[in-house]
Amino acid sequence: MSDYSIRLATAEDAETVFNLVKRLAEYERLAHEVISSPETFRQVLARPNSTVEVLLAESDGEAVGFALFFENFSTFLGRPGLYLEDLFVLPEMRRRGIATALFERLFQIARDKNYGRVEWTVLDWNTPAIEFYTQKLKARLLEEWRVCRVVMGNDGRVK
């Protein structure tokens with residue numbers, strides 16, 4: 001029996017989601033890039049028909065992990081897919097099956113919606129995550145692909 005549960009987050013969980021995002025950013029050494037806020041998550045989670053969803057993992061009533069995801073589309077498959085933007089479990093709660101359970105729930109959502117694939121990225125230095133993804137989940141690293149990004153400012157201009 002697990003000592004945690006997983007549920008979909010609501011707008012009332014915005015502060016919790018934001019706090020977990022901050023912890024993730026610290027872990028990834030990217031805290032300086034966080035410009036979102038609890039209000040950001042409150043708005044996106046409250047928006048009717050939002051394609052952004054968050055799974056929260058909780059233990060003893062406290063949030064210990066999350067997975068934020070949204071729908072994308074594969075032109076090659078001709079089907080939607082699930083893109084996992086971030087998945088994070090607090091370091092002190094790791095090795096309890098929480099990340100595996102979050103992925104299992106994501107895979108079930110993908111099956112239920114007849115998605116063609118589930119995709120995410122991983123930092124090249126994060127060896128524990130890479131080993132988990134490739135060994136436990138049987139994920140394939142796409143070495144030949146590179147991520148391209150253009151960041152848009154609040155004013156709509158390219159930063």
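Taken together, the values in this text are just the output of simple stated rules run on the coordinates, not laboratory data. These numbers were taken from a predicted model, which means no experiment stands behind them. As a convention, Cβ positions derive from the backbone with ideal geometry for all residues, glycine included, and neighbour counts pool all protein chains shown.
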- Query: Dipole of the chain, Cα-centred, from +1 at each Lys and Arg C-beta and -1 at each Asp and Glu C-beta, to the nearest 20 debye?
  - Reply: 540
- Query: Between Ala129 and Glu144, what length comes free when the chain is fully extended (0.36 nm per residue of separation minus the Cα-Cα distance, one decimal in nm)?
  - Reply: 3.5 nm
- Three-way shape label, region 74-128, alpha-carbon gyration tensor, a/c 1.5: oblate
- At what distance in angstrom do the alpha carbon centres of region 111-129 and region 45-72 lie from each other? 16
- Message: Within region 1-35, name every residue whose backbone N is under 16 Å away from a label modeled 7 Å from Cα of Lys113 along the Cβ vector.
- Response: 7-10
- Heads up, region 1-63 by the C-alpha gyration tensor (a ≥ b ≥ c square roots of eigenvalues; a/c under 1.5 rounded, else a/b over b/c prolate, else oblate) looks oblate
- Task: Could you work out the equivalent-ellipsoid semi-axes for the chain, taking the square root of 5 times each eigenvalue of the Cα gyration tensor, largest first, in whole Å?
- Result: 22, 21, 18
- Query: Once you put a point 7 Å from the Cα of Glu28 and another 7 Å from the Cα of Lys136, both along the Cβ direction, what distance in nm separates them?
  - Reply: 1.8
